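**Q** Let me give you the structure first, and then I'll get to my questions.
The values are calculated or read from the model by the stated rules, or taken from the named source; none is laboratory data. Computed from a predicted structure; not experimentally measured. Here the Cβ positions follow ideal geometry from the backbone for every residue, glycine too, while neighbour counts run over all protein chains shown.
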Amino acid sequence: MTNNNASVARARAIDTIPLGGLLIGLFDLIFAFTFYGLILGVPLLRIFQTVAAGVLGRPRAYAGGVPTFLLGILLHFLVATCIAAVYYLATLVLPVLLRHPVVSGLIYGVVAYFGMKYIVTPLSAIGARGTLPRPSILITELIGHALLVGLPVALVAHRSARANNGGGVTRFSEPAESVPRESRA
């Protein structure tokens, strides 16, 4: 008889945070260029200058040209890595996140969206931005964050936890033998 309540191995920070941050950054960058740039018609430079505006303020960021665009991309990946780090830390407190990565990841992406919109951005040099965007944009942004921010980091953490428990290595809280105690003679 196996113990279904056995703890899940922990994800490794060295896997989850850098790889999660890289994937979040890449997927969200592609989303931003596609949705805001191609669909909504926002100039491509302006997209990541707006990220840089969180540090520089809008006037300086928008006047900065390519250097502030590049700063915005750098800050974008820094924030993506922070989002991955927060998810990793959450898995230490809530191991259920590792057992149900798809649901957890989709929910985390939505939580990350609202955290950025209503906590991080208002505290930045951009400041409070007022009400929610129109429904079509809000729904697209929420779906984008669920699928392209939360889900990748959750799957990376899940994979890391499985690898951390794989290859015949058992958790310190489990018996070292692979045969359950009830099966031994």
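**Q** Out of (1) in a helix (DSSP H, G or I); (2) over 21 Å from Tyr113 (Cα atoms); (3) touching a residue at least 24 places away in the same chain (Cβ under 8 Å), the odd one out for Ile83 is which?
**A** So the condition that Ile83 fails would be (2).
**Q** Which one is farthest from Val51 (Cα to Cα), of the residues in segment 10-30 that are of a type in the set (Gly, Ala, Ser) and crowded, with 18+ Cβ neighbours inside 10 Å?
**A** Ala11
**Q** Suppose we keep only residues that are touching a Ser or Thr at 6+ places or on another chain (Cβ under 7 Å) and of a type in the set (Gly, Ala, Ser) within segment 1-39. Which one would you say is modelled with the lowest pLDDT?
**A** By that ranking, first place goes to Ser7.
**Q** Also, I was wondering about something else. Looking at (1) closer than 24 Å to Leu151 by Cβ; (2) free of Cβ contacts under 8 Å to residues at least 40 places away in the same chain; (3) touching a helix residue (DSSP H, G or I) at 6+ places or on another chain (Cβ under 7 Å); (4) not aliphatic (A, V, I, L, M), which is the only condition Pro135 fails?
**A** Against the list (1) closer than 24 Å to Leu151 by Cβ; (2) free of Cβ contacts under 8 Å to residues at least 40 places away in the same chain; (3) touching a helix residue (DSSP H, G or I) at 6+ places or on another chain (Cβ under 7 Å); (4) not aliphatic (A, V, I, L, M), Pro135 comes up short only on (3).
**Q** Hey, another quick one. Can you say whether Val55 is surrounded by fewer than 17 Cβ atoms within 10 Å (Cβ to Cβ), part of a helix (DSSP H, G or I) and touching a Ser or Thr at 6+ places or on another chain (Cβ under 8 Å), as far as the supplied structure shows?
**A** When the stated conditions are applied, Val55 passes them.
**Q** Scan segment 2-9 and give yes if some residue there is surrounded by 18 or more Cβ atoms within 10 Å (Cβ to Cβ), touching a Lys or Arg at 6+ places or on another chain (Cβ under 8 Å), of a type in the set (A, V, I, L, M) and not in a helix (DSSP H, G or I), otherwise no.
**A** Yes, some residue in segment 2-9 is surrounded by 18 or more Cβ atoms within 10 Å (Cβ to Cβ), touching a Lys or Arg at 6+ places or on another chain (Cβ under 8 Å), of a type in the set (A, V, I, L, M) and not in a helix (DSSP H, G or I).
**Q** Filter segment 101-132 down to residues that are among the β-branched types (Val, Ile, Thr), more than 27 Å from Arg60 (Cβ to Cβ) and touching a residue at least 24 places away in the same chain (Cβ under 8 Å), then give me how many there are. Full working, then the answer.
**A** Keep residues of segment 101-132 that are among the β-branched types (Val, Ile, Thr), which gives 102-103, 107, 110-111, 119-121, 126, 131.
Right, trim to more than 27 Å from Arg60 (Cβ to Cβ) and you get 102-103, 107, 110-111.
Okay, now just the ones that are also touching a residue at least 24 places away in the same chain (Cβ under 8 Å), so 102, 107, 110-111.
Total satisfying the criteria: 4.
**Q** Take residues that are modelled with pLDDT of 90 or more, surrounded by 14 or more Cβ atoms within 10 Å (Cβ to Cβ) and among the acidic types (Asp, Glu) and tell me which of the helices (runs of 4 or more DSSP H) falling wholly in segment 100-185 contain 1 or more.
**A** Filter on segment 100-185 gives 135-145.
**Q** If we scan segment 77-89, do we find a residue that is within 22 Å of Phe48 (Cβ to Cβ), surrounded by 16 or more Cβ atoms within 10 Å (Cβ to Cβ) and polar (S, T, N, Q)?
**A** The answer is yes, given that some residue of segment 77-89 is within 22 Å of Phe48 (Cβ to Cβ), surrounded by 16 or more Cβ atoms within 10 Å (Cβ to Cβ) and polar (S, T, N, Q).
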